[in-house]
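Visitor: Quick one: structure below, then a few questions.
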Amino acid sequence: MPLLPWAVYATAWIQVLATPVIGITLLMIIAERVFHIGFFDPALGGDPVLYQHLFWIYSHPAVYIMILPAMGVITEIIPTFCQKRIFGYKAIAISSLAIAGVGYFVWGHHMFTSGMSKEAIWTFSLLTFLVAVPSAIKVFNWVATMYKGSIDLKPPLLYAIAFIFLFSIGGLTGLVQGALATDIQVHDTSFIVAHFHYIIFGGVGFAFLGGIHYWYPKMFGRMYNFRVANIAWCFLFIGFNLLYFPQFIIGVEGMPRRYFDYLPQFTTAQQVSTIGGYILGIGFIILIVNLFRKNGAKATANPWGGKTLEWRLASPPPLENFATPPSVPDNPYDYE
Amino acid sequence: MDHLELQRDDIGAKLGMWIFIFTEILLFGGLFLVYAVMRHRYMADFHLASLQLNTFIGALNTIVLLISSMTVAMSISAVQKKDKRMATILLSITLLCAVIFLVDKYFEWGHKISISLYPGTDLMQSLKHGYILFFSLYFFMTGLHMLHLIIGAVILIVALVKIRMGLINDEHYVLLENGGLYWHLVDLIWIFLFPLLYLVT
């Protein structure tokens with residue numbers, strides 16, 4: 001099957017197995033407030049670090065829930081706009097499952113400063129470095145797919161390329177946090193904030209916007225203006241980087257996170273961030289107005305030359321899609 | 001009714017129920033994790049606090065639930081053999097066992113509440129930390145289990161009504177199977193709870 005279903009499948013496993021843990025943790029918090037049952041309250045013999053463990057045992061897999069479908073979307077966009085089959089299909093499928101699996105064992109990297117033992121710390125650190133490997137494999141495979149492809153620089157591909165760049169920055173700075181020594185420096189600073197915004201906004205957000213631009217003709221039966229979409233992309237890309245890159249720098253210099261005020265030495269960076277935020281906002285307005293204006297040309301069944309099944313249907317697809325079951329090819333990315 | 005038949009997917013229904021059961025196991029698993037950590041920390045206090053529990057009633061509840069698991073499994077066989085009367089009797093015994101369990105719980109909890117031995121009281125705050133945690137875990141785990149037991153009983157009541165109405169029959173019994181599976185889960189959780197709470201002395 002195409003790699004987006006593989007990504008969604010891996011995500012489903014994480015959702016099923018991780019969510020109950022936050023469920024029971026929240027129930028315990030409710031019990032603490034309502035029934036004075038104090039598993040996490042030191043006054044009643046409880047342990048707040050236990051709460052942290054339970055919280056992060058869910059919340060780390062949760063971020064993989066966020067990124068895996070986004071990676072699946074990117075894996076659909078790139079072959080279409082390079083008119084080339086995906087490089088390393090099996091590697092990408094298996095790495096989705098590997099991220100889901102190994103992601104269960106790294107939660108302690110959110111708690112390096114909580115008073116854990118040295119053994120626990122280096123175990124979590126090692127596993128965190130391991131879980132980065134499947135993500136890196138995907139990045140290499142996407143780039144390898146583009147190599148010698150017939151590149152068609154349409155808006156969806158712009159977002160996919162931006163994803164690769166921004167996700168890579170986010171991922172590499174994640175390694176800074178995964179190593180204990182550097183994490184002590186950057187823990188609870190705006191470096192962390194910048195890291196996860198590069199992953200979630202630069203990664204998931206841009207993949208989401210790329211997906212919207214990719215499937216928009218299929219969903220709504222109309223094309224949109226490419227030039228305006230590209231301009232919106234420029235504003236978003238520049239605005240995003242202006243907003244979040246300075247946060248890396250001042251984070252290392254000591255700017256704490258979750259503070260509304262800052263020391264005078266951080267003023268320039270914060271002002272640059274603010275300008276970036278406004279540019280980002282303008283970009284969103286341009287994007288939304290462009291997509292809401294339903295006055296583009298009528299969309300054909302396959303405006304991008306994609307090979308997956310959705311492109312065999314009219315845009316938008318008729319009720320119940322296929323009148324008879326379609327013939328499913330062995331290779332979902334049959335470009336050659 | 002015809003359209004419903006076209007959409008029917010018994011394998012999918014059973015698979016969905018199994019996945020849901022895994023999530024429930026993980027839900028209680030979080031509690032078992034908390035129990036393990038706290039027991040390790042306050043080993044002696046847990047031993048002593050557990051003496052306050054009535055092991056006889058706990059054992060009785062265990063046997064009652066085991067019998068109810070057996071009868072619900074037998075009721076599925078009865079439906080498969082088109083024996084509506086037997087299926088009704090067996091499911092009714094299962095539900096009777098559920099009621100017995102709840103009555104036992106009422107007496108157990110009632111006794112603790114009458115001597116002020118429950119979370120939030122001044123008596124509880126005055127005890128040692130290990131005791132407080134043991135009783136917190138006792139009430140929370142058995143309470144959450146009891147909630148699941150009531151949910152399971154409601155599902156089985158619905159199944160019983162459908163058997164009487166002929167909607168569950170030898171060709172169409174996946175709801176009873178899933179209800180039985182859920183009931184087995186409720187039983188299984190109790191099988192773990194009983195030794196952890198009552199038999200640690």
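The values are calculated or read from the model by the stated rules, or taken from the named source; none is laboratory data. Please read these numbers as outputs of a predicted model, since none were measured by experiment. A quick note on method: Cβ atoms are made from the backbone with ideal geometry, for glycine too, and the neighbour counts reach across all protein chains shown.
Visitor: Residue check: is B:Ile21 more than 23 Å from A:Asp47 (Cβ to Cβ), part of a helix (DSSP H, G or I) and within 14 Å of chain A (Cβ to nearest Cβ)?
Guide: On the way: more than 23 Å from A:Asp47 (Cβ to Cβ): yes; part of a helix (DSSP H, G or I): yes; within 14 Å of chain A (Cβ to nearest Cβ): yes.
Spelling it out, B:Ile21 is indeed more than 23 Å from A:Asp47 (Cβ to Cβ), part of a helix (DSSP H, G or I) and within 14 Å of chain A (Cβ to nearest Cβ).
Visitor: In addition: Yes or no: A:Pro42 modelled with pLDDT of 95 or more and either on the phi > 0 side of the Ramachandran plot or within 14 Å of chain B (Cβ to nearest Cβ) (or both)? Let's see the steps before the verdict.
Guide: Numbers: modelled with pLDDT of 95 or more: no; either on the phi > 0 side of the Ramachandran plot or within 14 Å of chain B (Cβ to nearest Cβ) (or both): yes.
When the stated conditions are applied, A:Pro42 does not pass them.
Visitor: Can you tell me which residue within the range B:108-119, out of those that are more than 16 Å from B:Leu65 (Cβ to Cβ) and away from chain A (no Cβ under 14 Å), is surrounded by the most Cβ atoms within 10 Å (Cβ to Cβ)? Spell out the reasoning first.
Guide: First, the residues of the range B:108-119 that are more than 16 Å from B:Leu65 (Cβ to Cβ): B:109-119.
Remaining after also requiring away from chain A (no Cβ under 14 Å): B:110-111, B:114-115.
Working: B:Gly110: 9, B:His111: 13, B:Ser114: 9, B:Ile115: 10.
Result: B:His111.
Visitor: Can you tell me which of (1) of a type outside the set (A, V, I, L, M, F, W, C); (2) touching a residue at least 24 places away in the same chain (Cβ under 8 Å); (3) not in a helix (DSSP H, G or I) is the one A:Gly38 doesn't meet?
Guide: The number of the failed condition is (2).
Visitor: Next up: Being touching a residue at least 12 places away in the same chain (Cβ under 8 Å) and surrounded by fewer than 19 Cβ atoms within 10 Å (Cβ to Cβ) narrows it down to one of B:Met146, B:Met141, so name that one.
Guide: Working: B:Met141 fails: surrounded by fewer than 19 Cβ atoms within 10 Å (Cβ to Cβ).
After applying the criteria, what remains is B:Met146.
Visitor: For residues that are facing chain A (nearest Cβ under 9 Å) and of a type in the set (D, E, K, R), scanning just the range B:24-44, find the one that is nearest to B:Leu147 (Cα to Cα).
Guide: Taking the range B:24-44 and keeping what is facing chain A (nearest Cβ under 9 Å), we get B:24-31, B:33-34, B:37-38, B:41-42.
Those still in the list that are of a type in the set (D, E, K, R) too: B:24, B:41.
Numbers: B:Glu24: 12, B:Arg41: 28 Å.
Going through the qualifying residues, I end up with B:Glu24.
Visitor: Checking A:Pro332 against (1) buried (at least 19 other Cβ atoms within 10 Å of the Cβ); (2) more than 30 Å from A:Ser190 (Cβ to Cβ); (3) in contact with a Gly (Cβ under 9 Å, 6 or more places away or on another chain), which test does it fail?
Guide: It is condition (3) that A:Pro332 fails.
Visitor: Just to check your reading of the model, which residue among B:Glu171, B:Glu177 is without any contact (Cβ under 8 Å) to a residue 12 or more places away in the chain and charged (D, E, K, R)? Walk me through how you get there before you give the answer.
Guide: Numbers: B:Glu177 fails: without any contact (Cβ under 8 Å) to a residue 12 or more places away in the chain.
So the residue among B:Glu171, B:Glu177 that is without any contact (Cβ under 8 Å) to a residue 12 or more places away in the chain and charged (D, E, K, R) is B:Glu171.
Visitor: Can we say A:Leu97 is crowded, with 21+ Cβ neighbours inside 10 Å and not small (Gly, Ala, Ser)?
Guide: On the way: crowded, with 21+ Cβ neighbours inside 10 Å: no; not small (Gly, Ala, Ser): yes.
Answer is no for this residue.
Visitor: Which residue out of B:Leu160, B:Leu127 is more than 10 Å from chain A (Cβ to nearest Cβ) and hydrophobic (A, V, I, L, M, F, W, C)?
Guide: B:Leu160
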